[in-house]
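A short worksheet on the structure shown next.
The values are calculated or read from the model by the stated rules, or taken from the named source; none is laboratory data. If you're wondering where the values come from, they're calculated on a predicted model, not measured in any experiment. So basically every Cβ, Gly included, is an ideal-geometry build from the backbone, and we count neighbours across all protein chains shown. With ligands, DNA and RNA removed, areas are computed over all heavy atoms of the protein, side chains included. Shrake-Rupley method; radii C 1.70, N 1.55, O 1.52, S 1.80 Å.
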Amino acid sequence: MATVTFRDETAAGKPLTDWEVAGLPDQMTVRELIRLRIREEAARHNARPSDRYNGLVRPDDAETDLNGYRLREPRRIDWQRQAEIAERAFLANGFFVLAGERQVEDLDEVVDLTVDPDMVFIKLVALVGG
């Protein structure tokens with residue numbers, strides 16, 4: 001069984017957050033890894049719902065806020081809906097994923113977690129006026 005480290009970084013490579021998930025198969029697709037990450041984020045939020053959500057992608061009806069998203073009111077997050085949003089964001093280059101030192105470009109690409117256990121997520125931020 002493999003352990004994967006999910007890490008968020010800025011485009012300049014500055015680490016923001018990281019956490020591990022153990023007990024995973026040795027190989028998973030990028031889609032499965034994104035969905036796993038989203039499910040973990042939603043579970044953490046749903047354990048103590050608040051009006052702030054710190055996750056990879058913005059939930060429906062939320063506003064972007066400093067280091068996260070502001071919900072209109074405290075509520076639970078539907079991880080499956082968030083996973084759909086994340087998959088679309090990946091395909092639209094809203095964020096990219098590094099497996100070890102290489103960028104993965106296809107949701108169906110298989111990652112060998114025994115070789116590349118570090119998954120780095122880098123959100124791309126649209127420039128104002130550009």
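Things to note:
- Sites Arg102 and Asp51, calculated FRET efficiency, Cβ-Cβ separation with R0 25 Å, nearest 0.05: 0.10
- Average accessible surface area per residue within region 1-102, 1.4 Å rolling probe, Å²: 59
- The chain - Kirkwood radius from inverse mean 1/r over Cα pairs (Å): 15.2
- Spin-label model distance (nm) - Thr29 vs Arg88, 7 Å beyond Cα toward Cβ: 1.9
- Convex hull (Cα only) mean projected area of region 5-81, reported in nm² to one decimal: 5.8
- Difference of contour (0.36 nm per residue) and Cα-Cα distance, Val21 to Asp65: 13.2 nm
- Cleavage-rule hits, trypsin sites (Lys or Arg not before Pro), region 1-95, DSSP coil, Cβ neighbours within 10 Å at most 16: Arg72, Arg75, Arg76
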